[in-house]
């Protein structure tokens, strides 16, 4: 199983390196701003936990394959090679989708939210179908990697990411966009799903 763990680690490193490193460098070159806004809210608040869980999920993404390489066994009844190959396919699609969705955001791409800042509301392309395609793609990537290395660390990492994404979107991002774009955002949420097309749309 070391081959799968090594592959998962390489994929994760490349994905995280692009999604947060190269993407930030490109953003800074184009706009003069790397786009990082950090953890928002006072310690212990829902928004603070969203940021903390997100950081833990990022660390766990590397920790899961490293733990497997160190000898941590897989969970029972996690299947065989077919599950690993399916995970690889899902991870590759998730990585490609993350890259595409981040690119589609253009100058509006941010990691975190800063009150008072106003960026363009992106509603075209994949954003016409899904309001948070970057988070959807990231979750798919994490799920694929967890199938490749199905140990306890991978499962906890995926759970932390899902919790972080839900908190970030519902408690931080959506209220911020409602305050910033008001009617335009309300109209947009009536047509595009939250994480998947058609699911999570709001009443106009």
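The values are calculated or read from the model by the stated rules, or taken from the named source; none is laboratory data. Worth saying up front: this structure is predicted, and the values here are computed from it rather than measured. Neighbour counts are summed over all protein chains in view; Cβ atoms, including those assigned to glycine, are modelled from backbone coordinates with ideal geometry.
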message: Can you pull out every residue in region 1-36 that is exposed (fewer than 15 other Cβ atoms within 10 Å of the Cβ) and closer than 24 Å to residue 170 by Cα?
response: 36
message: Suppose we filter 187, 192, 128 for residues that are modelled with pLDDT of 95 or more, touching a strand residue (DSSP E or B) at 6+ places or on another chain (Cβ under 9 Å) and farther than 21 Å from residue 51 by Cα; which single one remains?
response: 192
task: Kindly indicate whether residue 161 is touching a strand residue (DSSP E or B) at 6+ places or on another chain (Cβ under 8 Å) and in contact (Cβ under 8 Å) with a residue 60 or more places away in the chain.
output: no
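Return the residues of region 150-168 that are buried (at least 18 other Cβ atoms within 10 Å of the Cβ) and part of a helix (DSSP H, G or I); say none if nothing qualifies. I'd like the intermediate steps shown before the answer.
Here is the first cut: in region 150-168, the ones buried (at least 18 other Cβ atoms within 10 Å of the Cβ) are 150-151, 153-154, 157-158, 160-161, 164-165, 167-168.
Within region 150-168, 153, 154, 157, 158, 160, 161, 164, 165, 167, 168 qualify.
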message: Please go through region 13-48 and give me each residue that is over 16 Å from residue 61 (Cβ atoms), free of Cβ contacts under 8 Å to residues at least 12 places away in the same chain and part of a helix (DSSP H, G or I), ordered by number.
response: 22, 25, 26, 28, 29, 48
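Let's see how each residue does on (1) within 18 Å of residue 34 (Cα to Cα); (2) within 15 Å of the chain's Cα centre (by Cα); (3) not in a helix (DSSP H, G or I):
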residue: 73; (1), (2), (3): no, no, yes
residue: 84; (1), (2), (3): no, no, no
residue: 88; (1), (2), (3): no, no, no
residue: 99; (1), (2), (3): yes, yes, no
residue: 102; (1), (2), (3): yes, yes, no
residue: 115; (1), (2), (3): yes, no, yes
Sole exception among (1) free of Cβ contacts under 8 Å to residues at least 60 places away in the same chain; (2) more than 29 Å from residue 75 (Cβ to Cβ) for residue 169, by number: (2)
message: With the requirement that a residue be in contact (Cβ under 8 Å) with a residue 60 or more places away in the chain, under 16 Å from residue 119 (Cβ atoms) and surrounded by fewer than 17 Cβ atoms within 10 Å (Cβ to Cβ), what does region 182-201 give you?
response: 184
message: Criterion first (under 24 Å from residue 156 (Cβ atoms), surrounded by fewer than 16 Cβ atoms within 10 Å (Cβ to Cβ) and touching a residue at least 40 places away in the same chain (Cβ under 8 Å)) does residue 62 satisfy it?
response: no
